[in-house]
Amino acid sequence: MSKGLCGQLTFILCCIVVIFSISGQACSSSPEISPTPSLPASSPVSATPTAALTVAPTVQPPMPTAVSGSIEIISSETETDFPSSLTFRVEAESSYKIDSIKLRYKVKKISLAQVATEVEPEFDSDKHVETSWKWDTRKAPLPPGAEIQYQWLIEDSAKRKTQTSWTTLVFHDLRYDWNTLSDANVSLYWYTGSQSFGSQLMNAAQGGLDKLSDDTGAHLEKPVKIYIYGNTDELRDSLVYPSEWTGGVAFVEYGIVAIGIAPENLDWGKRAMVHELAHLVTYQMTNSPYGDIPTWLEEGLSMYAEGDLEERFQSVLTSAISGGTLISVQSLCSSFPADPAGAHLAYAESYSIVDFLIQTYGRDKMFELLNIFKEGSSYDDALMEVYSFNTNGLEADWLKYIGAN
Ligand SMILES: [Zn+2]
């Protein structure tokens, strides 16, 4: 259960109130409607085992888009109670009784199809009405910085309709006073530590991205946000379902990383942040409806982006080589071992396999491999097409490379 949320204070901060008049009729084209969105079952979240600008509400005034009728929207506002809920409120008036109010919203994700959800909050039909709808974001968790678009659709008993244009709001964690830095496609937010702390993290992020781009061709295609919480406890407090060991989380579909880094833990934090950031890059480079990529490649690229393999991983790898206890590459295609020793070895081997492919065959081949996965391919077919060996052939060549046989 969400242990990390116990004792969490509740902060409710109201965004804005917009007053304006609109009139008109509903748009004829509707976005695809689906049930309440949730994090997809396929692993959209990856985690690292473990360690000034005030973000202002970004609700934009809904603009009238309709052309006839006389329904007046008196106010539209949202209220963020991060990470628990998001409440939408509307107040409207008409010369006839208002008998239908719908809220339509969609969450911005990288996935190909933007899916909208429609809800009908309860209210008593009248000429002047107010209603609200509360989104329980504990049931469908949203990361900090997630962007939601919404609009109201209102109809009165004379069948006159009106709707607001799509308005974007950002699900900010308003409990903290965030500083921010932006560079190219990366926006970094933090609230603990100095300006130099933020700058060093941004430099590390850009360094990791440069290394990935230089050595593999993989790069960010869309902007990303990185939220640096003050420590791992405060990170876990921001997550609805934190794991005991969660130190950082990549919400790949949202292009968002959330991680806890205390200023005294900066060296660990740089590597962990770059690791999670690399997951966003890999997702953007390979995400497709046709399949996924082997775990050794996913995690190996993130380990590679961090820099040279850390001694603690190197020693685990060296011991496994000399002891003949390496995990097979085939096994590393799927979930990693849950036990810490096995997991450490899996990460170390993944780094080593990716390092072997890059050092031996170069940047362009790795870039080609990622592109083939984006187009959809089995693991063996993709390897065969680029390197002329399958997973077992990769293992044989890699073992030779590391002197394991
Ligand atoms: Zn990872």
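The values are calculated or read from the model by the stated rules, or taken from the named source; none is laboratory data. Treat the numbers as computed from the prediction; the structure is a model and nothing was measured. Neighbour counts are summed over all protein chains in view; Cβ atoms, including those assigned to glycine, are modelled from backbone coordinates with ideal geometry.
For the reader, a short list of remarks on this structure follows.
- Listed conditions (1) within 15 Å of the ligand (Cβ to nearest atom); (2) more than 21 Å from residue 82 (Cα to Cα); (3) surrounded by fewer than 19 Cβ atoms within 10 Å (Cβ to Cβ) are all met by residue 288, apart from (1).
- Residue within the range 146-153 that is closer than 30 Å to residue 207 by Cβ and in a strand (DSSP E or B) present: yes
- Long-range neighbours under 6 Å by Cβ, at least six apart or interchain, first residue within 18 Å of residue 313 (Cα to Cα) within the range 265-284, second within 12 Å of the ligand (Cβ to nearest atom) and assigned to a helix (DSSP H, G or I): 271/306; 274/305; 274/306; 275/302; 275/306
- Test: residue in the range 163-171 that is farther than 23 Å from residue 283 by Cβ, under 18 Å from the mean Cα position of the chain (by Cα) and in a strand (DSSP E or B): yes
- Scanning the range 262-279 for residues that are more than 16 Å from the ligand (Cβ to nearest atom) and either part of a strand (DSSP E or B) or under 18 Å from the mean Cα position of the chain (by Cα) (or both) yields a total of 0.
To keep it simple, each residue is scored yes or no on (1) farther than 24 Å from residue 107 by Cβ; (2) modelled with pLDDT of 95 or more.
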| position | (1), (2) |
| --- | --- |
| 211 | yes, yes |
| 239 | no, no |
| 242 | no, no |
| 252 | no, yes |
| 255 | no, yes |
| 267 | yes, yes |
| 299 | yes, yes |
| 303 | yes, yes |
| 315 | yes, yes |
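- Every residue from the range 363-394 that is of a type outside the set (Gly, Ala, Ser) and outside any helix (DSSP H, G or I): 389, 390
- Test: residue in the range 246-259 that is away from the ligand (no atom under 16 Å from the Cβ) and either part of a helix (DSSP H, G or I) or among the hydrophobic types (A, V, I, L, M, F, W, C) (or both): no
- Residues considered: 295, 360, 282. Of these, the only one that is among the β-branched types (Val, Ile, Thr) and away from the ligand (no atom under 14 Å from the Cβ) is 360.
- From the options 341, 348, residue that is in a helix (DSSP H, G or I) and crowded, with 16+ Cβ neighbours inside 10 Å: 348
- Restricting attention to the range 305-325, the residues that are away from the ligand (no atom under 11 Å from the Cβ) and either part of a helix (DSSP H, G or I) or touching a Pro at 6+ places or on another chain (Cβ under 8 Å) (or both) add up to 13.
- Across the range 237-268, the number of residues qualifying as within 23 Å of residue 200 (Cα to Cα), in contact with a strand residue (DSSP E or B) (Cβ under 7 Å, 6 or more places away or on another chain) and not β-branched (Val, Ile, Thr) comes to 7.
Okay, residues lined up against (1) more than 15 Å from residue 374 (Cα to Cα); (2) surrounded by fewer than 24 Cβ atoms within 10 Å (Cβ to Cβ); (3) in contact with a helix residue (DSSP H, G or I) (Cβ under 7 Å, 6 or more places away or on another chain):
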{"position": "255", "(1), (2), (3)": "yes, no, yes"}
{"position": "260", "(1), (2), (3)": "yes, no, yes"}
{"position": "263", "(1), (2), (3)": "yes, yes, yes"}
{"position": "273", "(1), (2), (3)": "yes, no, yes"}
{"position": "279", "(1), (2), (3)": "no, no, yes"}
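- Test for residue 243: is it hydroxyl-bearing (Ser, Thr, Tyr), outside the structural domain of residue 108 (by TED's automatic domain parsing) and away from the ligand (no atom under 16 Å from the Cβ): no
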